[in-house]
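The values are calculated or read from the model by the stated rules, or taken from the named source; none is laboratory data. Keep in mind the model is a prediction, meaning the values are calculated, not measured. Cβ placement follows ideal geometry from the backbone for every residue including glycine, while neighbour counts extend to all protein chains displayed. Side chains included, ligands, DNA and RNA excluded: accessible areas come from the protein's heavy atoms. Shrake-Rupley method; radii C 1.70, N 1.55, O 1.52, S 1.80 Å.
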Amino acid sequence: MSTPRQPRETRPAGTESTRGSGPAGLEPLAVLPVFVPLQGKRAVLAGSNGGAPWKVKLLAAAGAHVDVYAPEPSEELRAVPGEIVAGSVTLHTRQWHADDLKGAAFCIGAMEDEDDCIAFVAAARKTGAIVNAVDRPHLCDVKFGAIVNRSPMVVGISTEGAAPVFGQTVRARIEGMLPRGFKAWIGAARDWREEVTGRFHGFSDRRAFWERFTDRAFAEPDRAPTATDLAELLGETEAAPKGGAVTLVGAGPGDAELLTLKALRALRNADVILYDDLVAPEILDYARREARTMLVGKTGHGPSCRQDDINALMVQLAKSGKQVVRLKSGDPLVFGRAGEEIDACRAANIPVSVVPGISAAQGAAASLCVSLTNRDAARRLQYVTGHDRRGALPEDLNWGALADPSVTTVVYMPKKTLRVLLERAVAEGLAPTTPALLVFNATRPNQQVVEADAADLADRVEASGHEGPALLMVGEALRRLGARAAVAALEPGKLAI
């Protein structure tokens, strides 16, 4: 029986070619990209709109000592002081005063009310501070861009404040793949921003508009947007259901490049991501920087969050209006307890959807160039769990099906029960010489494979000493020349035979 643990919050959240166009290939710059040193300096943020928590974290990450003034701070803003990686943050639950701005090198206004923000900006400028106003580019001395952080190398992507969500999406793309047509879309964002802000007063509605805008820009990057696009995007945003929702997303077996486009879109749109231990850390890099991430780890035979606690947290967050992504390794519908989570959402009248992922079985087979079916050797494929709720071998396994020579069997989570499972299968009629593979860390750089006949595999796995999530594959299809050649071609040390 695994030891229960509580969910843990882990994060509360290039240019196109200009060759030959001017001196040194330079075109006119909309803004001058500069980097402001804030190490050891004082910064102030006043207000608590939706963009405030992330701005405070950025200031602190640059080494600033940040004073935050907010009479009614949001839950996310209250959590920020305990989540910073550098600098310091002090939260003052009151209105700001002019004296609070003295000595500040950088000031940010994060108010919903335009007049309040104008007053703050004016007062901050009198002190000589650099000034930014969240979601109000016309009041800014400087604007935040999307950031790729590989300190000490930092890459900033700016849209001159016109399209921050658009810039955040660009952050996740390879610079050399940026379409030239983005320039027209960014120009349209600047022209449309005032109308969008006037139509949608809430931060979440504005963000939803710009997310749709971004999706359309990536879908049709080589044409200039028109007034028809604006009208359609405004209408889609107004007609969209309001309130929170839950999306179960398959993260794939480990390799981040196996994420689907739909999974990437869900991660980018999420307010909160609840993820398991087996999700590769680099996959979380595709989420919005403002998104909260919470580890609700369920590891085989180790400390795990109770499923009821995960269900309750998921429902609670969605009821508070959050877009929740439940991120699972592999495919959420294959031994991922998706049915229990879907039922919990439906019982609470929470909209729920599923984005499938590359399953661990598919990923492992593809990495080895192994076909799981074969016209001559395997006309059926079956997925089996290696343990029950107690961590023991399930008592109701169909041993006749497991011993069938015309089937390929893939066993999930088999490490603890591997020996007894294979011994019982052989006793029930599985040929002892049936080819078998145990794949550790499928599709990841540290993938390891142990190959043997079914009767010998458990001994060789124990002798290998390999660790990590594992997948068992058994069947005559693995005897094919393509499978043997692929396994033999693995790097030295990655195969035990």
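Summary table below
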| read-out | value |
| --- | --- |
| Convex hull per residue volume in Å³, alpha carbons only, for segment 32-157 | 101 |
| Farthest toward positive dipole pole in segment 366-437 [+1 Lys/Arg, -1 Asp/Glu at C-beta], among N398, S371, A425 | S371 |
| Solution diffusion estimate, µm²/s, Stokes-Einstein, segment 154-279, Kirkwood Rh from C-alpha pairs, 20 °C, viscosity 1.002 mPa s | 134 |
| Cα-based Lys proximity count in segment 294-452, under 21 Å, for pairs eight or more positions apart or on separate chains | 4 |
| Cα centroid separation, segment 389-432 to segment 300-371 (Å) | 25 |
| Protein-only accessible surface order, largest first, of Y412, Y383 at 1.4 Å | Y383, Y412 |
| Computed label-point distance, nm, for sites R419 and E114 using a 7 Å Cα→Cβ extension | 7.4 |
| Size of segment 353-470 as Cα extents on the principal axes (Å, biggest first) | 36, 35, 30 |
| Per-selection Kirkwood Rh - segment 288-391 (Cα, Å, 1 d.p.) | 16.2 |
| Heavy-atom SASA rank of C369, C140 (probe 1.4 Å, accessible area, largest first) | C369, C140 |
| Which of F144, F182 is most accessible, then next, and so on - probe 1.4 Å | F144, F182 |
| Net charge contributed by nearby residues that have their C-beta within less than 15 Å of V121 (K/R +1, D/E -1) | -3 |
| DSSP-defined antiparallel bridges as percent of all bridges, the chain, nearest 5 | 35 |
| Cα-based radius of gyration of the chain once divided by 2.2 N^0.38 Å, which approximates compact folds | 1.15 |
| Helical contribution to [θ] at 222 nm, DSSP H n ≥ 4, -39,500 (n - 2.57), averaged over the chain, rounded to 500 | -9500 deg cm²/dmol |
| Residues R8 and K102, FRET efficiency given R0 of 56 Å [Cβ-Cβ distance, rounded to 0.05] | 0.90 |
